[in-house]
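*Asks:* This is the structure, below, for whatever I ask next.
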Amino acid sequence: MHIFMKNSEPLLPFYEFIATNVSVGIHAVDLSGKTIIYNTKMKEIEGFHFDELADRSIIEMFSFRQHESTLMRVLQTGKKEINVKQSYWNKNGHEITTINDTFPLIVDGKLIGAIEFARDITSLEKLVYQPLRRYDEPLTFDMIKAESEAMKQVIENAKKAAAVKLPVLLIGESGTGKDLVAEGIHHAASPDPEAFMTLVSRRSAQSVLDKLNQLLEEDKDYTFFFERIDFLNLDIQEQLLDILQSLPQSKYMLIGSVGSDPITLIAEKKLSKSLYYFFATMAITIPHLTDRKEDILPFVDDYFSRHRERFASQVTELAPDVQELFLQYDWPGNLKELELLLDEIVSFMTIESTVTSDLLPLHFRFKVQQQDTNNREPEFFMFHQNHDVMPLDAYLREAESYYVQNVLNLYEGNITKAANALGMSRQNLQYRIRKIKKQ
């Protein structure tokens, strides 16, 4: 039995099977913080065995997290917390990102514990770290589709930053488009389209400094975009600051970015206070896509326009019900998740011009449905029969298509690299791709 209980009372076989095999992590605790239920998926996410948790409080066990536990907060407040995104290092030293729904358990008017449902989006986060597509042309502010007031203000502030050529800090989650704003600043500040240089902090930290020093030797008026400086260790951040402070003012456009509130990052010792103050001469926050949903449909229209131009396709629009789904969904991966979804949809379209609901990948329909379910009080039936249930073979074909397409996106269409990552031969992967396209 892979779902573990503190006592020996058996679950009904159906409940046990569902909880064991569900793709959502489940962790339930009593009032003292002791673990009552901890399913297989949660074990995969956090790395613990039930035996390590059974007689110990989560106050002790989750000290490895660099943030307050949502389970603990719900125990203290008695209030549910929905769609809380958290990134942390699990017991095995892996960085994990989840979206959690955490609920108080109340019986006869009394709080008896809390239960958390965690969706692992770590793989999605890695995909979202890829920059949004450039289409091999300079990206100016005029090309960034901004209908929301929040994004219009971002562009207005970015134009001011470009005019004064002072250091800028871009703040926003992965996939929000910080790289697009950075490039827009460059083209507003510099006449040289080739002088925009992105230094990626997710790679070797020392390589950022080495690349910077190499470019400085060229004595060219570069715009340097230091993507996610909060990924650099503090020692490298201080070395970077020393280099930047030695540069002549106004020669270079200097842009840094972080993935969350810089004050919190400083408190968690992920961001040097001095480096923050250097870049934060002008700080610009790029809002989450959920907070600027007016920008979703213009982005889709622009994507379709470019796709028609590049591939002579016929895709032109979303059906009204699909538009509604796009506007309802929370987009945890922001614009990058939307772009990846559109990549997947159009890759299987041939003569269709409208994206109808039957063309949406199963995983997206499931996530929208799951989100709608999570906005209601939970019932302890983790599976509900409905008329949309697919045969298992059809479901597995959808799942394979989704996974293969995302791995190909991750490796930018390189069949050899994708096949190696999937643990199969190049020929086998090509066969599967042809098979998927025929479905």
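*Asks:* Can you order the peptides 167-180, 208-221 by their average number of other Cβ atoms within 10 Å per residue, highest first?
*Replies:* Order by mean packing, descending: 167-180, 208-221.
*Asks:* Using a probe of 1.4 angstrom, how much of the accessible area of region 299-360 is carbon and sulfur, in percent?
*Replies:* Whole-percent figure for carbon plus sulfur exposure: 50.
*Asks:* Decide, for region 162-229, between rounded, prolate and oblate: order the square roots of the alpha carbon gyration tensor eigenvalues as a ≥ b ≥ c, take rounded if a/c falls under 1.5, and otherwise choose prolate if a/b is larger than b/c, else oblate.
*Replies:* Oblate shape, in that a/c is at least 1.5 and b/c is the bigger or equal ratio.
*Asks:* At a 1.4 Å probe radius, which order do Arg306, Arg426 fall into by accessible area, largest first?
*Replies:* In descending accessible area the options line up as Arg426, Arg306.
*Asks:* Taking amide hydrogens as modeled 1.01 Å from N in the peptide plane, which residues meet the under 5 Å criterion relative to Thr285, leaving out close sequence neighbours?
*Replies:* Ile171
The values are calculated or read from the model by the stated rules, or taken from the named source; none is laboratory data. No experiment lies behind these values; they were computed from the predicted model shown. Note: ideal-geometry Cβ built from the backbone for every residue, glycine included; neighbour counts use all protein chains shown. Just so you know, the surface numbers come from the protein's heavy atoms only, side chains and all, with ligands and any DNA or RNA stripped out. Shrake-Rupley method; radii C 1.70, N 1.55, O 1.52, S 1.80 Å.
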